[in-house]
């Protein structure tokens, strides 16, 4: 069974790009367009990994991360930050990797594999 990755970003073209790339690499994906929706999808889909944009309308990526890590069920799900804002490494206390947009696909895939123990 393929590992599942939740992609959270408010830009539809970014979500489409990342999910297509991950699916082509053999992963199942699900997505959300903000932190609030991300929590709903997280609870429903129970992903193995989350890629997270930080700056989004409504619930930000930082707020999503705080809410996710309060849950015993999800506090250990690895998070890869993909953002275009400075200081992004400070917004999430324990990201497994941090990427700037535009994304280096090979580096992202390496980080995903490492995070999932592949």
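The values are calculated or read from the model by the stated rules, or taken from the named source; none is laboratory data. Not measured: the values here are computed from a predicted model. Virtual Cβ from ideal backbone geometry, glycine too; neighbours counted across all protein chains shown.
Taken together, the criteria place residue 7 among residues that are within 22 Å of residue 116 (Cα to Cα) and either modelled with pLDDT of 95 or more or over 13 Å from the mean Cα position of the chain (by Cα) (or both).
For residue 89, the conditions (1) crowded, with 16+ Cβ neighbours inside 10 Å; (2) modelled with pLDDT under 95; (3) in a helix (DSSP H, G or I) are fulfilled apart from (1).
Kindly evaluate residue 79 against the criterion of being modelled with pLDDT of 85 or more, buried (at least 16 other Cβ atoms within 10 Å of the Cβ) and either under 13 Å from the mean Cα position of the chain (by Cα) or farther than 27 Å from residue 24 by Cβ (or both).
Considered against the rule, which asks whether it is modelled with pLDDT of 85 or more, buried (at least 16 other Cβ atoms within 10 Å of the Cβ) and either under 13 Å from the mean Cα position of the chain (by Cα) or farther than 27 Å from residue 24 by Cβ (or both), residue 79 comes out as yes.
Residue by residue, here is whether (1) touching a residue at least 24 places away in the same chain (Cβ under 8 Å); (2) under 20 Å from residue 99 (Cβ atoms); (3) under 13 Å from the mean Cα position of the chain (by Cα) holds:
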{"position": "3", "(1), (2), (3)": "yes, yes, no"}
{"position": "13", "(1), (2), (3)": "no, yes, no"}
{"position": "19", "(1), (2), (3)": "no, yes, yes"}
{"position": "39", "(1), (2), (3)": "yes, no, yes"}
{"position": "46", "(1), (2), (3)": "yes, no, yes"}
{"position": "50", "(1), (2), (3)": "yes, yes, yes"}
{"position": "59", "(1), (2), (3)": "yes, no, no"}
{"position": "85", "(1), (2), (3)": "yes, yes, no"}
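Just wondering, is there one or more residues in region 87-95 that are under 23 Å from residue 1 (Cα atoms) and free of Cβ contacts under 8 Å to residues at least 24 places away in the same chain?
The answer is no; no qualifying residue exists.
Step by step: first the residues of region 34-53, then only those that are over 15 Å from residue 11 (Cα atoms) and touching a strand residue (DSSP E or B) at 6+ places or on another chain (Cβ under 7 Å), then the one that is surrounded by the most Cβ atoms within 10 Å (Cβ to Cβ). Which residue is that? Once the filter is applied, the top-ranked residue is 50.
Being part of a helix (DSSP H, G or I), within 24 Å of residue 20 (Cβ to Cβ) and in contact with a strand residue (DSSP E or B) (Cβ under 7 Å, 6 or more places away or on another chain) narrows it down to one of 99, 64, so name that one.
Working: 99 fails: part of a helix (DSSP H, G or I).
Step by step, each of 99, 64 is checked, and only 64 is part of a helix (DSSP H, G or I), within 24 Å of residue 20 (Cβ to Cβ) and in contact with a strand residue (DSSP E or B) (Cβ under 7 Å, 6 or more places away or on another chain).
Within region 26-33, does at least one residue satisfy the condition of being surrounded by fewer than 17 Cβ atoms within 10 Å (Cβ to Cβ) and assigned to a strand (DSSP E or B)? Yes - at least one qualifying residue is present in region 26-33.
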